Amino acid sequence: MKLFIDGKEGTTGLRIFQRLQGRTDLEIILLPEKCRKDVRSREEAINASDIVLLCLPDEAARESVSLLHRPQTRVLDTSTAHRTQPGWAYGFPELSTQHREAISSGRFVAVPGCHASGFVALITPLLAAGLLSPDAPLACYSLTGYSGGGKRMIAQYETPPSDPMLASPRVYGLGQQHKHLREMQMIPGLAAPPIFSPIVAPYYSGMLVLVPLHSAMVHAEHPKAALWECLASHYAGSPVVHVLSEDDVNAWQGFLPAHALAGKDSMELMVLGNDERLQLGAWFDNLGKGASGAAIQCLNLMLGLSETMGLAL
């Protein structure tokens, strides 16, 4: 099986390439350094592949798809460009049997965004079960390590002398136009996007997505128990996504470090608070289930392999 990673030199592409080393089921097509941005060379590599993995900015990802003319070639895109486009499978197989089948059999698959992964994982089952209304006025905030900003942000944090303004967490997406908002609305089926506050903090990787809820927003007599039971039932048996019990959460003694699952490809969900004021939480690595781990999981399904092959769980 021939695989071409278009954009191998970026943060996500390089991480995927490194993680695929040693796999005997894949022949990775490599371009010489001088050819990696040459359109004709990329076009040849794309159409010589069984699967093309795009690790590019949005416009470049769209260009790569336009270069495809071999009907047998399948595409796995890690950019934002195609996540809500018709004909593209959304690469979160745990959401439903239909999502899993679309990834396994589809020609075009889009890997979810990192922030969106946590939000979608929490909200989609609750809307499907009727515990939340599609018109619920939701909010979300998400703590992430600086690796999510790519090479430029990594260099900004790691190259001395360090800017003192980088020593504390920084809120961004201030205009409520973050690129993940479209999928955060469309994939669960919300009437409007949530109010979203992403926060980048001075650590390398790891993510904690939190969605606050007032009890009046939850259609259940005992909101906390109902939310937990819904999520636990939906993800029961998943090897990747797990729902934490109250004892699991209490073991952290009142503090949840956002980088707790750094280096892992798993995701842990939780229901916090009480029957008056609640928070839904999703814990994972922005470079794992939020990027390269999700891509490898989707790649495995596209190849008909065990979805956990090569994952760090």
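Checking S117 against (1) farther than 25 Å from V240 by Cα; (2) polar (S, T, N, Q); (3) crowded, with 19+ Cβ neighbours inside 10 Å: exactly one of these is not met. Which one?
(1)
In the stretch 69-81, what residues are touching a strand residue (DSSP E or B) at 6+ places or on another chain (Cβ under 7 Å) and either closer than 18 Å to L287 by Cα or free of Cβ contacts under 8 Å to residues at least 40 places away in the same chain (or both)?
Across the stretch 69-81, the qualifying residues are T73, V75, L76, D77, T78, S79.
Return a yes/no flag: does the stretch 144-151 have any residue that is surrounded by fewer than 16 Cβ atoms within 10 Å (Cβ to Cβ) and assigned to a loop (DSSP other than H, G, I, E, B).
Among the residues of the stretch 144-151, not one is surrounded by fewer than 16 Cβ atoms within 10 Å (Cβ to Cβ) and assigned to a loop (DSSP other than H, G, I, E, B), which makes the answer no.
Within the stretch 82-89, is there a residue that is among the charged types (D, E, K, R) and either under 13 Å from the mean Cα position of the chain (by Cα) or modelled with pLDDT of 95 or more (or both)?
The initial filter retains those residues of the stretch 82-89 that are among the charged types (D, E, K, R), namely 83.
Remaining after also requiring either under 13 Å from the mean Cα position of the chain (by Cα) or modelled with pLDDT of 95 or more (or both): 83.
Yes, that holds for at least one residue.
Which residue, of T124, T84, is surrounded by 18 or more Cβ atoms within 10 Å (Cβ to Cβ) and of a type in the set (S, T, Y)?
From the options T124, T84, the qualifying one is T124.
Examine the stretch 125-139 for a residue that is touching a helix residue (DSSP H, G or I) at 6+ places or on another chain (Cβ under 6 Å), among the hydrophobic types (A, V, I, L, M, F, W, C) and not assigned by TED's automatic domain parsing to the domain that holds F284, and state whether such a residue exists.
Scanning the stretch 125-139, I find no residue that is touching a helix residue (DSSP H, G or I) at 6+ places or on another chain (Cβ under 6 Å), among the hydrophobic types (A, V, I, L, M, F, W, C) and not assigned by TED's automatic domain parsing to the domain that holds F284, so the answer is no.
Which one is farthest from A312 (Cα to Cα), of the residues in the stretch 20-49 that are among the small types (G, A, S) and surrounded by fewer than 17 Cβ atoms within 10 Å (Cβ to Cβ)?
That would be S41.
Among V65, V52, which is the only one that is in contact with a strand residue (DSSP E or B) (Cβ under 8 Å, 6 or more places away or on another chain) and crowded, with 21+ Cβ neighbours inside 10 Å?
Matching residue, one of V65, V52: V52.
Starting from residues that are among the hydrophobic types (A, V, I, L, M, F, W, C), within 19 Å of the chain's Cα centre (by Cα) and surrounded by 18 or more Cβ atoms within 10 Å (Cβ to Cβ), keep the ones in the stretch 127-143 and report whichever is nearest to G206 (Cα to Cα).
Taking the candidates together, the pick is L143.
Can you work out which of the residues in the stretch 1-19 that are assigned to a helix (DSSP H, G or I) and among the charged types (D, E, K, R) is nearest to A312 (Cα to Cα)?
R19
Having 1 or more residues that are within 16 Å of H115 (Cβ to Cβ) and in contact with a Gly (Cβ under 6 Å, 6 or more places away or on another chain) is the bar; report the strands (runs of 3 or more DSSP E) wholly within the stretch 156-270 that clear it.
195-201, 207-214
What residue, among those in the stretch 283-307 that are under 16 Å from E101 (Cα atoms) and not hydrophobic (A, V, I, L, M, F, W, C), is surrounded by the fewest Cβ atoms within 10 Å (Cβ to Cβ)?
G304
The values are calculated or read from the model by the stated rules, or taken from the named source; none is laboratory data. Everything numeric here is computed off the predicted structure, so don't read it as measured data. Neighbour counts run over all protein chains shown; Cβ positions are idealised from the backbone, glycine included.
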